[in-house]
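For reference, the structure is listed below as structure tokens.
Please treat every number below as a calculation from the coordinates, not as lab data. These numbers come from a predicted model, not from an experiment. A quick note on method: Cβ atoms are made from the backbone with ideal geometry, for glycine too, and the neighbour counts reach across all protein chains shown.
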Amino acid sequence: MAERDGEERRRRWKQVRIARIRCMRICTPSLVIVLASLASLVGCASPQPPANAARVAGIAPRGEQCGPDCYRIFNGKDLSGWVSVNCFSDTFVARDGMLFCTGNPTGFIRTDRMYENYVLDFDWKHEAKEGNAGLFVWSDPVPSSAQNMFPRAIEVQIMLTPDVKDKEGRLLYTGQGDVFSIWGSKMTPLRPHPAGWERTLPSERVTKGAGEWNHYKVTCNQGNITVEINGHEVSGAKDVSPRTGYICLESEGSPIWFKDICVKELPAAVPALAAKDVVMEGTGMRRLFDGKTLGGWREQSGEEGHWTFDDGVAKFDGKGDSLWTAEEFGDFELVADWRWTKEHQGKIKRPMIGADGTEERDAAGNVKEVEIEERDSGIYLRGNSKSQVNIWGWPCGSGEVWGYRTDPSMPASVRAACTPKVRADKPIGEWNRMVIRMVGDRLTVDLNGQRVIDNAQLPGVPATGAIALQSHGCPIQFENVFIRPLK
């Protein structure tokens, strides 16, 4: 459905997880793309990677063939080739040659490589009379900011539910293979939705009920999607963007089985797709919080208890010390979502910072200042506070590297490069996404899709070290913290 306030979404999803079956689709004009019948495919030659495999993913596909140019992406034994993004270790498990999902917590697993154009076949079976799950195609590798459960993607709904209508009697969504966009992905429905949502409702009702196997065949090709259920083409989408990304299976409140998951890759686009149509690279990316606890992080001895983990969010009350990773990192790409609470440290006048990293002055030589609600935190890189990416309320915006910008011994070019090029912070209470890339002594920071620090040099920065979420006396929250080591 149309984008709603992130907190309202979080509240509804939490209620749904407690109730096990939820109606999230009611609140999201998204399109659900149903996967279709997997015909029995036998008689396989020795595996050969499709012609565009190297171009799309840089690696050859794994798994036995299940038909001409078609190979299995679930081996029936374990989750090799899949990445658990935000689920528990036992949410998705291989069992009796099939893939079983408990439905708890709400989250998803994804393939370990991207796909551009392909045909995906698989079977699924819900245990409950009303069950919910989903397939995400052309998906980002991590959840979108503003929530910690779902990625930007096109969803093919895998749901058993009675039709849901609004007060005017308009059909909003079904359990028959809806296709819709979620969290920033774009598409055009194949047919107008009664309420104007970016969602295709099915042309036929052919989904079988609880305890019965359904066959999905989903074709994703050149920005178009078609969904066949049990041999009938019922839904789809066109004009999709992005149109290269990951394949994901969703956990959402109810037990479900999957089997015979096969992919046949199709020729890649010529010319190659523009950057906007390809999702973020996620190879090797993993989360730094386990989804339940602060495991993998360490608090200062004697200062425990000020960082807590609840409903996928790391919360700091502003009173303890910084939270450090137990592991050290060299070159890496870090994704971290953060937001301020309403609490602050009082109103303080802070200087305007010019593009060269120095304080701006008026004609009389006085420092230009702006009164702000003081909020301050940051992310320490490579084990020290000097290489800190600031998160704060100063007029210049977050992303600033205080230890280098204010060091008079540093060259002017270094100090200028450590000054944000633009203020990209969102309003207080909204989630911000920060992507930090550290390679050698070079730092790049994107904030909410804008480049604020571009390949800044940090002379003398350690080669490796832990990462910390900084304590600076102000409450702050983090979620969706992922790292991708770079070799």
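Hydrodynamic analysis of the range 66-162 uses the Kirkwood radius over alpha carbon pairs. Inserted into Stokes-Einstein at 4 °C and 1.567 mPa s, it gives a translational diffusion coefficient of 88 µm²/s.
Using per-residue counts of other Cβ atoms within 10 Å, averaged over each peptide, order 153-165, 423-435 from highest down.
153-165, 423-435
Only one of [x] 81; [y] 44; [z] 41 was calculated from the structure for percent of Cα pairs over 32 Å apart, and its label is [y]. Label separation (LYS487 vs ALA463): 1.7 nm, computed from points 7 Å beyond Cα along the C-beta direction. For the chain, the longest principal axis of the Cα atoms and the long axis of helix 6-19 meet at an angle of about 50 degrees.
Amide H contacts of LEU79: none lie under 5 Å away among residues 5 or more positions distant or on a separate chain (H built 1.01 Å from N in the peptide plane; Pro and chain starts excluded). Across the range 471-487, coupling constants 3J(HN,Hα) worked out from phi with the 6.51/-1.76/1.60 Karplus curve, θ = phi - 60°, read 8, 9, x, 10, x, 7, 10, 10, 8, 6, 9, 10, 10, 10, x, 10, 10 Hz, and Gly and Pro carry x.
Judged by the mean number of other Cβ atoms found within 10 Å, the most tightly packed of the peptides 99-112, 333-346 leads the ranking 99-112, 333-346. Label separation (GLU327 vs ARG442): 2.4 nm, computed from points 7 Å beyond Cα along the C-beta direction. In this simple spin-label approximation, GLU64 and ALA355 carry label points 7 Å from Cα along the Cα→Cβ vector, and these lie 6.3 nm apart.
For the range 152-164, the Karplus equation 6.51 cos²θ - 1.76 cosθ + 1.60, evaluated at θ = phi - 60°, returns couplings of 6, 5, 9, 9, 9, 6, 10, 9, 10, 7, x, 4, 10 Hz by residue, with Gly and Pro reported as x.
Less than 5 angstrom separates the built amide H of GLY378 from those of ILE391, GLN470, all sequence-distant by 5 or more or on a different chain. For ILE372, nonlocal amide neighbours, meaning residues 5 or more places apart or on other chains whose placed amide H falls under 5 Å from its own, are ILE348, LYS349, ARG350. Quick one: if the Förster radius is 45 Å, what FRET efficiency do THR308 and GLN450 give, using the C-beta to C-beta distance and rounding to 0.05? According to the calculation, E is roughly 0.90. Rounded to whole numbers, the Karplus 3J(HN,Hα) couplings from phi for the range 245-250 are x, 8, 9, 10, 10, 9 Hz, using 6.51 cos²θ - 1.76 cosθ + 1.60 with θ = phi - 60°, and x at Gly and Pro.
With a ≥ b ≥ c the root eigenvalues of the C-alpha gyration tensor of the range 333-383, is it rounded (a/c under 1.5), prolate (a/b larger than b/c) or oblate?
Working: a/c = 3.34, a/b = 1.51, b/c = 2.20.
Oblate.
I'd like to compare 407-415, 202-210, 134-142: which one has the highest average count of other Cβ atoms within 10 Å, and what's the full order after that?
134-142, 202-210, 407-415
Anisotropy class assigned to the range 378-426 is oblate, per the alpha carbon gyration tensor with a/c at or over the 1.5 cut-off and a/b no larger than b/c.
Given a Förster radius of 45 Å and the C-beta distance between LYS186 and ALA363 as r, what FRET efficiency does 1/(1 + (r/R0)^6) yield to the nearest 0.05? Computed FRET efficiency for LYS186 and ALA363: 0.40.
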